């Protein structure tokens, strides 16, 4: 029984020695805080490791887009067998702070960062037979981008007593912008509760609209990189005034049409009176008409007598003239 502690003690000492012996494990260190870099600048993703570098040493940097699992990572560069192999869409902008990375520094430099570079970066060191740890470090990078010019929109019933919703949104901006609406001009201050805005979604709710709600509204999108704005004009209408105006226009149009009709009717009657008669009724008598019962011959005799009567003054004149001549015996 006294010999039993010996084997247990030896095993414990061997295990402890295995843990503290150099070259038996790979330890990777990366910053615990997320990293942020302004767009267009160069980002340095710090990564260090401790291991006994051998012939099988390998380093890999890879990238995962936000919201995706680590298993979907895409490689950025490899270092193995003394050679560096950039790869992927970031190959031309990716490099190592120290090359070769065999002195415990594996920091990645990414030049001219873009908004699409935001995500998680993996620094992984392999050095067989050091498999005691996974040799993996994760760094979250955020590329800071000023807000792009937002788009302003409106919806709702833009009438007195109605409600309107104004929207504002920027397509780009990191971190996500906050939105603030202001009513330009010298309009009275809206009643409490009639103007409510959400700085996160960029929506402004206007209730119980009045004529003083009309005017220009400006939305300003802001983050730590800058700001941008857009404007829209709200035109609140009064339905009752619109109906009165419509009725008045209808009455005036009716009066105008009636006046035109009366004018045309009077003109028609006036032109009709001026026009001469071209037809004769049944009771009209012609001077040369023959009365019923009188023959054509009788009519001719009457015409002859009439002719003689018309010539009679001439005959009398002749006779008178003859009577004044001296008579010879």
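Values in this text are rule-based calculations from the coordinates and carry no lab data. Just so it is clear, the model here is predicted, and its values are computed rather than measured. Using ideal geometry, Cβ is built from the backbone for each residue, glycine included, and neighbour counts are taken over all protein chains shown.
Considering (1) surrounded by fewer than 17 Cβ atoms within 10 Å (Cβ to Cβ); (2) in contact with a helix residue (DSSP H, G or I) (Cβ under 7 Å, 6 or more places away or on another chain), the lone condition that residue 143 does not fulfil carries the number (1).
To keep it simple, each residue is scored yes or no on (1) farther than 22 Å from residue 198 by Cβ; (2) surrounded by fewer than 21 Cβ atoms within 10 Å (Cβ to Cβ); (3) touching a strand residue (DSSP E or B) at 6+ places or on another chain (Cβ under 8 Å).
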{"position": "108", "(1), (2), (3)": "yes, no, yes"}
{"position": "112", "(1), (2), (3)": "yes, yes, no"}
{"position": "126", "(1), (2), (3)": "yes, yes, yes"}
{"position": "150", "(1), (2), (3)": "no, no, yes"}
{"position": "153", "(1), (2), (3)": "no, yes, yes"}
{"position": "157", "(1), (2), (3)": "no, yes, yes"}
{"position": "164", "(1), (2), (3)": "no, yes, yes"}
{"position": "169", "(1), (2), (3)": "no, yes, yes"}
{"position": "177", "(1), (2), (3)": "no, no, yes"}
